[in-house]
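Working notes for the structure below.
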Amino acid sequence: MLEPLWVNVFLGNENLTVDDNIRKARENVKVNNRKIYFDHKHSVKVTKVNVGDWVMIKRPGFQSGGNKLSKPMKVIKIFNNAIRTDDHRVWNLIRVVPYRGKEMSDSEDAEENENSSLGKDNGSTDDFLRRSDRKTRRPVYLKDYM
C-alpha cells in the first residue's frame, strides 16, 4: 500500500508535510516566473563581468554638462549583485558598463591615479561646472523695466 502524502518530512527547523513542500515549490516557481516577466517587460539587463575586467560606472545623480560614465576601473571582487573595483568601492551591477576601449595595464592605471592625486589636468570635466552656451532672451514681462 502507498504511503499517504501527509507524511512528515523534517527540513531545517520546520516539520513540513509533503503537501507543504509542494506548495512552497509552486510558490517559488510563481515568484521566479513573475520576476522573469517583469525583467523582460522592463528590459532589465544585468552586466556579466569577471574578476580582472575593466568597467565604467554610471554616475549616480548625474547632471548634464559632464561625463555620464566614470573612468575605467578594474574589477577585483564579485559579490551576488555587486562588484568591488580597484578603488575599493562596491557598486551594484545595474550601474556597471563594460569598458570596450584600449586595455589598460596596471602601470597606466597607477599613472592615471597619480596624476589625479597631484591635481594635474587629465582631461576630465569633473572639477568645474560648465555654463550653458545656449542663447537666452529676457522675459517679456521685463520689457517695461530698465
Spin-label pair ASP144/ILE78, simplified geometry with 7 Å Cα→Cβ offset, distance in nm: 6.8 nm
Nonlocal amide H pairs with ASP86, under 5 Å, H built at 1.01 Å: LYS74, ILE76
Segments 136-144, 83-91 sorted - mean Cβ within 10 Å per residue, highest first: 83-91, 136-144
Förster radius 41 Å - calculated FRET efficiency between SER132 and ASN92, Cβ distance, rounded to 0.05: 0.85
Inter-probe distance in nm under a simple model that places probes 7 Å from Cα toward Cβ, at SER43 and VAL31: 2.9 nm
Kirkwood Rh (inverse of mean 1/r, distinct Cα pairs), the stretch 18-105, angstrom: 15.5 Å
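Quick note: the coordinates plus some simple rules give every number you see, no bench work behind them. This structure is a prediction, so every number in the text was calculated from the model and none was measured. Because the Cβ atoms are built from the backbone with ideal geometry, glycine has one as well, and the counts that use them run over all protein chains shown.
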